[in-house]
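A.B. asks: Below are the structure tokens for one structure; questions will follow.
The values are calculated or read from the model by the stated rules, or taken from the named source; none is laboratory data. All values derive from a computational prediction rather than experimental measurement. As a convention, Cβ positions derive from the backbone with ideal geometry for all residues, glycine included, and neighbour counts pool all protein chains shown. For accessibility, only protein heavy atoms count, side chains too; no ligands or nucleic acids. Shrake-Rupley method; radii C 1.70, N 1.55, O 1.52, S 1.80 Å.
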Amino acid sequence: MMSLKNKTIIVTGASSGIGAETVKQLVSAGANVVFGSRRLEPLKELADKLPKDQIAFMFIDVTKIDDMKKIVDLAVQKFKKVDALYNNAGIMPLSKLRDDRRDEWKQMLDINVMGVLNGISAVLPVMHKQGFGHILATDSVAGHVVYPDSAVYAGTKFAVRAIMEGLRQEELDNHIRSTIISPGAVQTNLYKTTKDENQAKELVESWKQPNNSLITSDVASAVVFAIDTPQRVAISDIVIRPSEQRV
């Protein structure tokens, strides 16, 4: 892997799981990383383990455009540019449509879809000015295949895939690349956003089957790989499944 030294990367949803692991791997590769989430204490704990001259962090709510502008501003103020933005924040409250969990649907749309759009909106002016950039987002296998109890979640992830493809087509002449990372089952705390305890338990139990789930470092490595590619290379979509996942 080439060194990411002197690259500046923003990561959202960085308090745990894929986001936190991605921050660690990027810093280890030499990058300057600015990261944020709605949970400040885990961010502080993560920051305590990393070189202070390579990082900055702050509280952000990706549903708030002003928060996204603030984290972009922080990156520019401290490190003078933004090479890449990784829109990673997301939730996955699974349920059947007949359960009519409208509050959950709206929250998913706000975080999973508007969060990505807010990130794009906040960072594009900087990338246009500097003449390059790379925007990434965590999608899902559910952004390619719909399965029971996932209609709204899959809808948000199909939307992210469409948005990121539109971004690719609109911005390629501005030397701005786009990538979605589409994982299958990953051992993270995302299952805790599902209020149905039986569904959450079934998901965790499924991880115990051999080769039936990824770990966060598997996905983070894919993110780092995509960022590490030269400007002439556009990796639009990485689908990364456990080797024995059927969906």
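A.B. asks: Please give the length that would be gained between TYR147 and ARG232 if that part of the chain were fully extended, namely 0.36 nm times their separation in residues minus their C-alpha to C-alpha distance (nm, one decimal).
C.D. replies: 27.0 nm
A.B. asks: State to the nearest 20 debye the size of the charge dipole of segment 88-197 about its Cα centre, where the only charges are +1 on K and R beta carbons and -1 on D and E beta carbons.
C.D. replies: Dipole magnitude for segment 88-197 comes out near 60 debye.
A.B. asks: How far apart, in nanometres, would the label points at GLU45 and GLU165 be if each is projected 7 angstrom from Cα along the Cα-to-Cβ direction?
C.D. replies: 3.9
A.B. asks: Could you compute the net charge surrounding SER221? Neighbours are other residues with a C-beta less than 12 Å from the C-beta of SER221; K and R count +1, D and E count -1.
C.D. replies: -2
A.B. asks: Also: Give the carbon-plus-sulfur fraction of the accessible surface of the chain in %, rounded to a whole number; probe 1.4 Å, heavy atoms of protein chains only.
C.D. replies: Carbon and sulfur: 51 percent of the exposed surface of the chain.
A.B. asks: Place the peptides 230-236, 76-82, 17-23, 106-112 in order of packing, highest mean first, counting for every residue the other Cβ atoms within 10 Å and averaging per peptide.
C.D. replies: So the peptides 230-236, 76-82, 17-23, 106-112, ranked by packing, come out 17-23, 106-112, 76-82, 230-236.
A.B. asks: On to the next question. Distance from a point 7 Å along Cα→Cβ of LYS81 to each backbone N in segment 132-164: keep the residues under 15 Å and list them by number.
C.D. replies: Once the point is set 7 Å along Cα→Cβ of LYS81, 132-135 turn out to lie under 15 Å by backbone N, inside segment 132-164.
A.B. asks: I've got another one for you. Go through 87-97, 140-150, 46-56 and give me the packing order, highest mean Cβ count within 10 Å leading.
C.D. replies: My ranking of the peptides, most packed first, is 87-97, 140-150, 46-56.
A.B. asks: Turning to a different aspect of this structure: In Å², what does the accessible area per residue of the chain work out to with a 1.4 Å probe?
C.D. replies: Normalised by residue count, the accessible surface of the chain is 48 Å².
A.B. asks: Treating the beta-carbon of each Lys and Arg as +1 and of each Asp and Glu as -1, no other charges, what is the dipole magnitude of the chain about its Cα centre, to the nearest 20 debye?
C.D. replies: 460
A.B. asks: Please express the shape of segment 55-162 as an equivalent ellipsoid: the semi-axes are the square roots of 5 times the eigenvalues of the C-alpha gyration tensor, given largest first in whole angstrom.
C.D. replies: Result for segment 55-162: semi-axes of 30, 14, 10 Å.
A.B. asks: Another question about this same structure. Could you pull out every residue, at least 5 positions away or on a different chain, whose amide H is within less than 5 Å of the one on TYR86? Hs are placed 1.01 Å off N in the peptide plane, and Pro or chain starts have none.
C.D. replies: The answer is ILE10, VAL11, THR12, LEU136.
A.B. asks: What does the convex hull of the Cα atoms come to per residue for the chain, in Å³?
C.D. replies: Hull volume over Cα atoms, normalised by residue count, gives 119 Å³.
A.B. asks: While we're on this one: Quick check: the distance between the Cα centres of segment 58-118 and segment 15-31, to the nearest angstrom?
C.D. replies: 18
A.B. asks: How large is the charge dipole for segment 29-131, taken about the Cα centre, if only the Cβ atoms of Lys, Arg (+1) and Asp, Glu (-1) carry charge, to the nearest 20 debye?
C.D. replies: Roughly 180 debye, rounded to the nearest 20.
A.B. asks: Hey, another quick one. Let me confirm the definition first: pairs of Lys residues in segment 10-74, 8 or more apart or on different chains, C-alpha distance under 20 Å. How many are there?
C.D. replies: Number of lysine pairs found: 6.
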